[in-house]
Structure formats: structure tokens, C-alpha cells
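As C-alpha cells, the structure follows; a few thoughts come after it.
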Amino acid sequence: MKSCLTEYADCTVNEIAEKYIEEKPQVAQIPVAPDERQNTSVIQGTGVEDTTITEGTVTFDIRFHAAVPVSREQIGLMINIEAQNQFYPGYPLTKRGIYYCCRMISSQYGTVFTGSHYEKLKKVYSVWICMDPPKSRENTITRYFIQEGNLIGRVREPVKNYDLLSVLLLCPGDPGSPGSEGILKLLGVLLSSEIKANDKKKLLEQEFHIEMNRTMEREVEQMCNLSQGVEQRGIQKGIQKGIQKGIQEGMKKGIFESIQNLMDTMNWSAKDAMDALRIKEEDRFQYIELLNDRNRDSQ
């Protein structure tokens, strides 16, 4: 919160922990989609009514309310924190983060405000800790938020009226690499599979001034198990990719040899041989290239 949320930049970590965070954050309890919540009726209809369809339960990893230091209100922000293994899960993480933010905003109706009192809407954050980012993203923190832009004329709306959601992607890298500092280095140390638990505890205590009581020691050990699990999954994924590539290369070699045999024994052209083997048009170019390479080598 201190490193990524502008509202807490001038606070100490202890102040944030002791003064501004509610006592019991919701951990894997609240579904993202409203129709996945128990004892909540689904509103169905057209036009101005909201329609939702449940497609499997998806819950927020962690969600909690926090007070804004410059405000006397008890609840100033709604914050969601997600841990993400895959940076490319088949969709952009930024879009999922924006969706989570929109759900947190819409969920405020009936709890934070009712009727047309939209002035009471609270700002929401969705913070994504990406545990295995691509090299190009390592040691970066990226924020996506709403900005004002004048197309015609020059006006200034109070920022608080539109600055209602922010998505942040935290992508740590090797804790010993250039650019690894602050929260990025802290996460890099915790998620590293190469640093032993005792060494992590020393680094956290000496460099980040985190007191290693029994609770924190257990947390560090759990993080060590998590990082080892992430590494093992990465190894397994690499093995599977290697096996798949080997199968593909073997099939490609077998088909190429079959083309050569038909051309030599039947005196066929490459096209006739590939027609007989029913090779797809989009795959033929690679075999023609291999035949050309063979001919060049024989010359």
C-alpha cells in the first residue's frame, strides 16, 4: 500500500498497518460476480436492469476496506490483492483487473450508498502480484487508471469525482538484479526458490526491518513452499513442451522421409507425393524448403 497506492505514500508501514486497515480482511470469501453470492437474488431484465449469468464461482483472493489518511471517514478505499502465476493466462490481466474493480464499485450499491447518492462511491484498487512475469516485465510496477482529457475547451473536474479505480501490476524479478528494490525486492526475496528460508528471514529482518516472530517465520516458510511449487510447475511445463516438440519433430521427419521415398520410387513430383499423403496446404512449404535444402546439399 505504501509503495503502490498514492494515498499512503507519506505514511509509514506501521501507521498503515495499525491505523488504516480493517481488522479482518476477507480472504477467498467474496465471489467476484454478484450472482455467485449466497442469499442474493439475481436481477433479470432488459434496458436499465442488470442481467448476470453465473459461470463458475470466482472469488477475490483478498479484499478489505481501508481508511484514507486525509479523511475522517472510516471507509475510504476498497482494496483487492491477487496473486497470479501465469502472466499470459489466455486473456490480458489488465482487463481482468478492470473487471474486478468494476465489480467492487457496483457492489457498493446498497452498502455504501443507495438511491442516486453516487457521490458516496469509494475508490477501488485491484493489485496483482505476478509471480512469474516475462523478462520484459521484471522489476516493474504499472498502474492503469482514469484520467481527464479535454477534447474541446478546457475544464477541470475535481479528481475525486472520476479517480475511482486503479489496477496495478507488480512484477518482481531476481532480487539481485538491477532495478530490484523496495517492494519489488521484498517480493523477489519472498518468491525466490533459490534463497533458503533462514536467509530470507535474515534479509527481511535486516534489510526490510520485519520482526521475525513465530507468525512471520511461519509465513516465510509457507512462501518458500509456494516458490518451490511455482518452480516445479515451471519445470514440468518445460518438460511437457520438450516432449511435445520432440513428437512434432519426429512426425515432421517421418513425413519428409515418406515424401522422399514416393518421389524416388514412383518418380513423382513433390506435389504428387504430398497429394498422396494428404498433407495440408499450409504445411507444404516447410517440406518444400527441406527438399530444396537436400538438393543443395547433394550438389
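So the values come out like this:
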quantity: Potential extension, R218-E148 segment - 0.36 nm per residue separation minus Cα distance; calculated: 20.7 nm
quantity: Spin-label zone in the stretch 165-180 - amide nitrogen under 13 Å from a point set 7 Å from the Cα of V13 along the C-beta vector; calculated: none
quantity: Over the stretch 113-235: Rg over Rh, Cα atoms, Kirkwood Rh; calculated: 1.14
quantity: Cα-only radius of gyration and Dmax that characterise the stretch 82-167, units Å; calculated: 16.1, 48
quantity: Pairs from K135/K280; K95/K253; K135/K196; K135/K201; K24/K120 whose Cα-Cα separation, in the structure shown, is over 32 Å; calculated: K135/K280; K95/K253
quantity: Hits among lysines - C-alpha to C-alpha of K19 under 17 Å, sequence gap 8 or more where chains match; calculated: K2
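Each reported figure results from applying straightforward, stated rules to the coordinates on display, with no laboratory input. Computed from a predicted structure; not experimentally measured. Don't worry about glycine lacking a Cβ; one is built from the backbone with ideal geometry, like all the others, and counts go over all protein chains shown.
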